[in-house]
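A.B. asks: The following block contains the structure, expressed as structure tokens.
The values are calculated or read from the model by the stated rules, or taken from the named source; none is laboratory data. The structure displayed is predicted, hence computed values, not measured ones. Don't worry about glycine lacking a Cβ; one is built from the backbone with ideal geometry, like all the others, and counts go over all protein chains shown.
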Amino acid sequence: MIPIGERTLEADAIEEVCDILKGGGIAALPTETVYGLAADALNPQAVAKIFEAKGRPQDNPLIVHIAALSMLKELAAEVPPDAYALAERFWPGPLTMVLPKSARIPDATSAGLPTVGIRMPSHPVIRAVIERSGLPLAAPSANRSGSPSTTTAQHCIDDLSGRVDAIVISSDCTVGLESTIVSLAGGRPRLLRPGGVTLEELEEVLGPVELDAAVLGRADPQSRASAPGMKYRHYAPKAQVRLLLGSSQQYRAYLEAHAAPGAAALCFHGEEIGLPVPAAALGTPERPQEMAQGLFCALRDFDEKGVQTVYAHCPSPEGLGLALYNRLIRAAAFDIVKL
Ligand code: TXA
Ligand code: MG
């Protein structure tokens, strides 16, 4: 385990992580979205260790993280003008583009797909590691497969301690949800997973963007168009989650009728006052960013407290709310009640 504080970013520890990765090892690193579990994207043996450590299904491809546009040209077979326009506006940041892959990307990384997801993160730790090692880094979220992604060093340690070569300890992730994924690999641009860059922002650059069925519903297991990861049980705490759609008043009335030992509420600030069950209140409808940042922590905290049923008040699926909605319907295994 290698602790690195923000202050000691320049210290030997970054070099040590680079050595681990250059030697074919795996390391958990902070990014601005969630913690990532990184390996050299071009080394199939190293990439295989990620799947092993996470217990990840083999058909689920990895996102490749870069620190410069020159890397994009090496890893994608084609870089359309739309990709440069998106990079200009949103990179470094929480946006992944799916593009036709170049021959340099091994099947282990793309899970045999002809495409590759590429992202340029903004967090200084992962950027420093990519720049100093010179390696493109394959990195899924640093959690055990199926569990909520990790947004704090402690949650990363809880899930992966003893399973990886290093865990870099840093401050909490600021976005808190995984990156937006847009496919530019053919036809109209297509949103595969909503995240910190919103659909509305993408459309300002690209014009109309198609919504993959997995964004608002279940992914079709037969479909090769969606992000394969969207078809798995996902972001799920041990507690059962039920998503409630309706006004604050309807939400409160439902909780009053369903209060029971082991129940808890996940809601916006203000809505928790006077609720008959313990609550995690995060952000407001006007400022959903705080809910995004705290969502995965809250889901993990419920489990630590032994909560059995979480009643989550559903955010409206616009702007960043679309990403929250997408994660919550999966955490709830599609148990959604319209009030
Ligand atoms: O913010 C993030 O994206 C974080 C950090 C670490 O960068 N990474 C992340 O990776 O969330 P992961 O593996 O947990 O989720 C990646 C998703 C999966 O659903 C996967 O199926 C999809 O991206 N994906 C990756 N490559 C793809 C491709 N070529 N085509 C379609 N979907 C792809
Ligand atoms: Mg993940």
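A.B. asks: Against the definition (among the basic types (Lys, Arg), under 21 Å from residue 310 (Cβ atoms) and at pLDDT below 95), how does residue 224 come out, yes or no?
C.D. replies: Here the answer is no, as residue 224 does not meet what is asked.
A.B. asks: Oh, and also: Only one of these is modelled with pLDDT of 95 or more, within 14 Å of ligand 1 (Cβ to nearest atom), among the polar types (S, T, N, Q) and under 22 Å from residue 212 (Cα atoms): 150, 109, 115. Name it.
C.D. replies: Exactly one of 150, 109, 115 is modelled with pLDDT of 95 or more, within 14 Å of ligand 1 (Cβ to nearest atom), among the polar types (S, T, N, Q) and under 22 Å from residue 212 (Cα atoms), namely 115.
A.B. asks: When only residues in segment 38-86 that are of a type in the set (Asp, Glu) and within 22 Å of residue 129 (Cα to Cα) count, which is farthest from the chain's Cα centre (by Cα)?
C.D. replies: 74
A.B. asks: Select from segment 84-117 the residues that are of a type in the set (Val, Ile, Thr) and within 16 Å of ligand 2 (Cβ to nearest atom) and write down the one among them that is farthest from residue 166 (Cα to Cα).
C.D. replies: Per the criteria, the residue is 98.
A.B. asks: Same structure, new question: Scan segment 265-283 residue by residue and report those that are out of contact with any strand residue (DSSP E or B) (no Cβ under 9 Å at 6 or more places or on another chain) and surrounded by 15 or more Cβ atoms within 10 Å (Cβ to Cβ).
C.D. replies: 283
A.B. asks: While we're on this one: Within segment 153-169, take every residue that is of a type in the set (D, E, K, R) and under 24 Å from residue 323 (Cβ atoms) and give me the one that is farthest from ligand 1 (Cβ to nearest atom).
C.D. replies: 158
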